[in-house]
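Below is one structure, written out as structure tokens, with a few remarks after it.
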Amino acid sequence: MTYYGSERQQRLQRQSDEAQTMIAATPGLVQAGRFFSTDNFDLIDWAFVDERLAKDGVFGFRMMPATRIEDIREKLGRSYRVDVWNVCKADGNTAMAACISILKDNIPAGLTRLDLPPDPEDAAIQRIQACMAENGIAPFSGAMLVGKIVPAVTIALVDDHGDVVATAHANMPFNGDSKHRGTAWVGLIAVAAQQRGNGLGRLINALAVREAFETLGADEVVEFVHADNTVSRRMIEACGLRLDPAILCGLATPIVDARFTT
């Protein structure tokens, strides 16, 4: 099955997949994979945000000017909050120079890169989704992971037993009307507990960043990281990305909900 996770997670994955034609044709919308999102809320009808929050309980604000976050909070009122993530980014020359030094060493002994099957319902895709979920990452649909919704690449490393132990993903989420249309997003970084502490996160992140430029043809890459996640930020910065303090990624959810894992 191409969808994975709880009933709600699967519903949101399916909804995002099915809405791609509309997302691609609507200025201000972004394919976020697990919820509706905008990269310019001045271009969309705020009634759409209210409707999606009422039905989905989540709405994303990507690449927002930091000065506009309070505007969003004011529009949302008291029933919803906005959690924010910092945005780190890099151009191709900067990121590739950093990644080359990481990737000069081979994948660690005992691990191999999984050849991604084109079928979103293949069992290997479900194993990748399971690795993400088991390590605290809400997964994308199989169709998103294999690039059938937007251009995308997914990286997975497996151990000698064939178990997926690390994942990463890059895609081109912004539509043709967006000023970020040449930007790739990198994320869904997951490393199994038994493999942590040996630089595997940095390695698989570097693989995804490289694919964003070499396979997807991106002009720039971005990654989102919470301000208190110093480990992830070090991993991201090792791949050449640097914090842009003028931009934030926000996610609106009901006040009572736990923080969503982007």
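The values are calculated or read from the model by the stated rules, or taken from the named source; none is laboratory data. None of the values given here were measured: they were computed from a predicted structure. Positions of Cβ are generated from backbone atoms using ideal geometry, with glycine treated the same way; all protein chains shown enter the neighbour counts. Please note that ligands, DNA and RNA were not included when accessible areas were found on the heavy atoms of the full protein model with its side chains. Shrake-Rupley method; radii C 1.70, N 1.55, O 1.52, S 1.80 Å.
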Testing ASN86 on (1) open to solvent by 20 Å² or more (accessible area, probe 1.4 Å); (2) in a loop (DSSP other than H, G, I, E, B), one condition comes back false. Which one is that? (2)
For the range 35-42, state whether one or more residues are loosely packed, with under 13 Cβ neighbours inside 10 Å and either part of a loop (DSSP other than H, G, I, E, B) or free of Cβ contacts under 8 Å to residues at least 40 places away in the same chain (or both). yes
LEU251 open to solvent by less than 10 Å² (accessible area, probe 1.4 Å), modelled with pLDDT under 95 and either over 17 Å from ASP83 (Cα atoms) or touching an Asp or Glu at 6+ places or on another chain (Cβ under 9 Å) (or both): no
Look through ALA246, ALA227, ALA193, ALA212 and report the one residue that is open to solvent by less than 40 Å² (accessible area, probe 1.4 Å) and either touching a Lys or Arg at 6+ places or on another chain (Cβ under 7 Å) or of a type in the set (A, V, I, L, M, F, W, C) (or both). ALA212
Scanning the range 215-224 for residues that are touching a helix residue (DSSP H, G or I) at 6+ places or on another chain (Cβ under 8 Å) and within 23 Å of ARG34 (Cβ to Cβ), which turns out most open to solvent (accessible area, probe 1.4 Å)? GLU220
Looking for something of a type in the set (Val, Ile, Thr) and closer than 30 Å to MET64 by Cβ - is there at least one such residue anywhere in the range 156-166? no
Of the residues in the range 165-190 that are of a type in the set (A, V, I, L, M) and open to solvent by 20 Å² or more (accessible area, probe 1.4 Å), the one that is nearest to LEU111 (Cα to Cα) is ILE189
Report yes if LYS75 is touching a helix residue (DSSP H, G or I) at 6+ places or on another chain (Cβ under 7 Å) and not in a strand (DSSP E or B), otherwise no. yes
Mind checking which residues of the range 149-164 are open to solvent by 30 Å² or more (accessible area, probe 1.4 Å) and in contact (Cβ under 8 Å) with a residue 60 or more places away in the chain? ILE149, PRO151
Test: ARG233 is buried (at least 18 other Cβ atoms within 10 Å of the Cβ) and of a type in the set (D, E, K, R): yes
Looking at THR2, is it loosely packed, with under 14 Cβ neighbours inside 10 Å and either of a type in the set (S, T, N, Q) or free of Cβ contacts under 8 Å to residues at least 40 places away in the same chain (or both)? no
Filter the range 168-217 for residues that are of a type in the set (Gly, Ala, Ser), out of contact with any His (no Cβ under 9 Å at 6 or more places or on another chain) and closer than 30 Å to MET22 by Cβ and give the result. ALA168, ALA170, GLY176, SER178, GLY182, ALA184, ALA190, ALA212, GLY217
What are the pairs, 6+ residues apart or on separate chains, where a residue within the range 67-82 that is touching a residue at least 24 places away in the same chain (Cβ under 8 Å) has its Cβ under 7 Å from a residue that is in a helix (DSSP H, G or I) and basic (Lys, Arg)? VAL82/ARG73
Being among the β-branched types (Val, Ile, Thr), assigned to a helix (DSSP H, G or I) and either open to solvent by 30 Å² or more (accessible area, probe 1.4 Å) or in contact with a helix residue (DSSP H, G or I) (Cβ under 9 Å, 6 or more places away or on another chain) (or both) narrows it down to one residue among ILE125, ILE107, ILE137; which is it? ILE125
